[in-house]
Amino acid sequence: MEIPATIMRYCPRCKTYTPHKVSIYKAGKRSPLKEGERRHARRLKGYGGSRKPVQKRFAKTTKKVALKLECTKCGMILMTKGIRLRKAEVAR
């Protein structure tokens, strides 16, 4: 699905409808020093297998895509709820 490059949307900081620049949200690199990562590494250490069973059958054929919207006036960034799409691309 092609998503438009700019969307008119309500900005809570400007308190009016302004054009927003659209991009697809991508998760950042996971830090090995965070508490959850340290705990996971500690549980994997030593003998024994993985913490959780490896999933063999996948029911879903698509992933959820979240959009990152940046207000062109004030620069405030808003996130949208994830929508299930087979393929998402921003039209330039």
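The values are calculated or read from the model by the stated rules, or taken from the named source; none is laboratory data. Everything quoted here is computed from the prediction, not taken from an experiment. As a convention, Cβ positions derive from the backbone with ideal geometry for all residues, glycine included, and neighbour counts pool all protein chains shown.
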- Considering only the stretch 61-92, how many residues are without any contact (Cβ under 8 Å) to a residue 40 or more places away in the chain, surrounded by 11 or more Cβ atoms within 10 Å (Cβ to Cβ) and in a loop (DSSP other than H, G, I, E, B)? 3
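Let me confirm something: among 78, 67, 33, which residue is closer than 17 Å to residue 1 by Cα and at pLDDT 95 or above? Working first, answer last.
On the way: 78 fails: closer than 17 Å to residue 1 by Cα; 33 fails: closer than 17 Å to residue 1 by Cα.
Residue meeting the stated conditions: 67.
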- Boolean, residue 47 is exposed (fewer than 12 other Cβ atoms within 10 Å of the Cβ), modelled with pLDDT under 95 and among the hydroxyl-bearing types (Ser, Thr, Tyr): yes
- Can you find even one residue in the stretch 44-60 that is touching a helix residue (DSSP H, G or I) at 6+ places or on another chain (Cβ under 9 Å) and either without any contact (Cβ under 8 Å) to a residue 40 or more places away in the chain or not in a strand (DSSP E or B) (or both)? yes
- Go through the stretch 14-43 and give me each residue that's under 21 Å from the mean Cα position of the chain (by Cα), part of a loop (DSSP other than H, G, I, E, B) and within 30 Å of residue 89 (Cβ to Cβ). 25, 26, 27, 28, 29, 30, 31
